[in-house]
1. When the chain is fully extended, how far beyond the present Cα-Cα distance does A:Ile185 get from A:Lys275, taking 0.36 nm per residue of separation?
2. Could you run the Karplus curve 6.51 cos²θ - 1.76 cosθ + 1.60 with θ = phi - 60° over the range A:244-252 and give me ³J(HN,Hα) per residue in whole Hz, x for Gly and Pro?
3. A:Gln110 versus A:Met203, label points 7 Å from Cα toward the beta carbon: distance in nm?
4. Kirkwood hydrodynamic radius of the protein assembly as shown from all distinct Cα pairs, in Å?
5. Along the charge dipole of chain B, Cβ charges K/R +1 and D/E -1, which of B:Val51, B:Val147, B:Gly132 sits furthest on the positive end?
6. Could you derive backbone 3J(HN,Hα) for the range A:195-204 from the dihedral phi with the Karplus parameters 6.51, -1.76 and 1.60 (θ = phi - 60°), listing whole Hz in sequence and x where the residue is Gly or Pro?
7. Between B:Ala80 and residues 5 or more places away or on another chain, which pairs have amide H atoms under 5 Å apart, with H built 1.01 Å from N, and which residues are they?
8. Just need the relative contact order of chain A here, percent rounded to a whole number, with Cα pairs under 8 Å and 6+ apart.
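No value in this document is a laboratory result; all are computed from the given coordinates. Here the structure is a predicted model, which means the values were calculated and not measured. We place every Cβ from the backbone using ideal geometry, glycine too, and count neighbours over all the protein chains shown.
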Amino acid sequence: MSIPPFEVLQPESLQEACELLGKHSSEGAAVLAGGTDILVDIRRPIIPEHLPRCSGCDPKTLMPRKAVEKPPAYMVALSRIPDLSGISEAKNGDISIGSMTTITQICESQLVREKLTALAEGGDNLGSPLVRNRGTLGGNICNARPAADALVPSVALGAQLELQSVNETRIVSVSDFVTGPGRTIRKADEVLSKVIFPALPEMSGSSCIKLANRKALEISVVNVAAVLTLDKAGKISQAKVALGSVAPTPVLAEKAAASLIGEKPSDDLFKEAGKTAAGECKPITDHRGSALYRVDMVGILVKNALQKALERAR
Amino acid sequence: MKKLITLSVNSLEHELAVEANVSLADVLRYQLGLTGTKKGCGIGDCGACTVLMDGVPVFSCLVLAVEAQGFDILTIEGVAEGSELHPVQKAFVEVGAIQCGFCTPGMVLNALALLDKNPDPSEADVRLALSGNLCRCTGYQKIVEAVLTAAKDMMKEEAQPEEAK
Ligand SMILES: Cc1cc2nc3c(=O)[nH]c(=O)nc-3n(C[C@H](O)[C@H](O)[C@H](O)COP(=O)(O)OP(=O)(O)OC[C@H]3O[C@@H](n4cnc5c(N)ncnc54)[C@H](O)[C@@H]3O)c2cc1C
Ligand code: FES
Ligand code: FES
């Protein structure tokens, strides 16, 4: 299976990249980051049942690789642009991660492991070491798969995306950015430059759990990320729960999160929150698992993820 | 349209004209004749095409050749010194970690990168590092043993005084 033909453009600045994307948008121009999604997705599917690479999309109606009937004529590579990768902490505690930062770099960062634990744990489970060495955070988010292992924790952690175009820089929340499987509000000439994770208050903790049929090279049956903050009295003051692989986009389980606020953490409370979250998703049945199984697993994984987040918040 | 690129492979610089959509794996195999790099799936799933780019294991089937410029690329052909096998290669032979051999170049290169980072890995470390490389023959057990054996051999060699080597 060879890769369909296209031209590669290798701009050396973000401005130039946006200009090239705008200039070639009518012929089809795509951003090339690590290429681990796009260089696979632009080929014709070999075994249709294996696709898409995500649970949550209906294989019959929303086959992303079928949608790519014409591969882009141009690939605008971001690899030569300086400053697009790296992890830094601002004075106010916000953590900013360049879009070209690889999943491996994220998993190996002490700062991320400590302060954005859910993101590091999501990354640990993404593909295989070879995938993590090439795949980027920006690619995982822009590819917008409902099961995406770095996207789901980013939703729970309230990530803000900086989108750069020729004339404008705008910041949008990751939940608003993703509109469907493989669909986002990104404009043709926009590049995701960095992902900003707002600082969490003291006494916060987060976690991410992936349930899959194997430990490596597998897309989730269900993945769950949770973030908890405790107040001085030990009650829950903030909570976020994000669910992956159970709908066309990652889902924020808002009712489940709301049920935790002001409460003292307990196993029973988390179990109830799990049940509530299970009611907030509408998974499909595919070869990875049935809808019924997925709903059940959401209940259990939400409880487990909250318990892990709590241990870290204390 | 072909692009002119310079690739540094096994410490040799190569001037090449390549199409933009051609993978590093295809350039290594068909333009440079380095067929030690295998192609199994072509879509990142099997690891047979693993090479090191600046010491980092990557699947060369999903790296465009034009994107590999500026990196030091190591393929399996660059691992032995002349006819002297690398300790990792020796261990693969001695332990019996090779059957058909299709996965071996990728396994060896990945093991090399692991031992460079972590000279004394646990069995779990080895299994994790090799989890993107599939083997249809060995059942993995001997491969894991070979990497652990190589680690021990290499540490012993390190510990020896210079004259004794
Ligand atoms: C074998 C294999 C296993 C995998 N397993 C998993 C898995 O378990 N979990 C998982 O979540 N994913 C998995 N993936 C998918 C993929 O590796 C990840 O989604 C990865 O993070 C994508 O990053 P990339 O840099 O390679 O993206 P690319 O393929 O370069 O890009 C992906 C998409 O995003 C766009 N894009 C990329 N960067 C930007 C940017 N900065 N601005 C605007 N648009 C951009 C591209 O145009 C493209 O449409 C797997 C892939 C393979 C090949
Ligand atoms: S051929 Fe590259 S990973 Fe299978
Ligand atoms: S020895 Fe045959 S695939 Fe590993």
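1. 29.2 nm
2. Listing the rounded values in order: x, 6, 10, 6, x, 9, x, 10, 8 Hz.
3. Spacing of the two 7 Å Cα→Cβ label points: 2.7 nm.
4. Every distinct Cα pair counted, the radius reaches 23.5 Å.
5. The Cα lying farthest towards the positive end belongs to B:Gly132.
6. Along the range A:195-204, the couplings run 10, 10, 9, x, 4, 8, x, 3, 6, 10 Hz.
7. B:His86
8. RCO, chain A: 17 percent.
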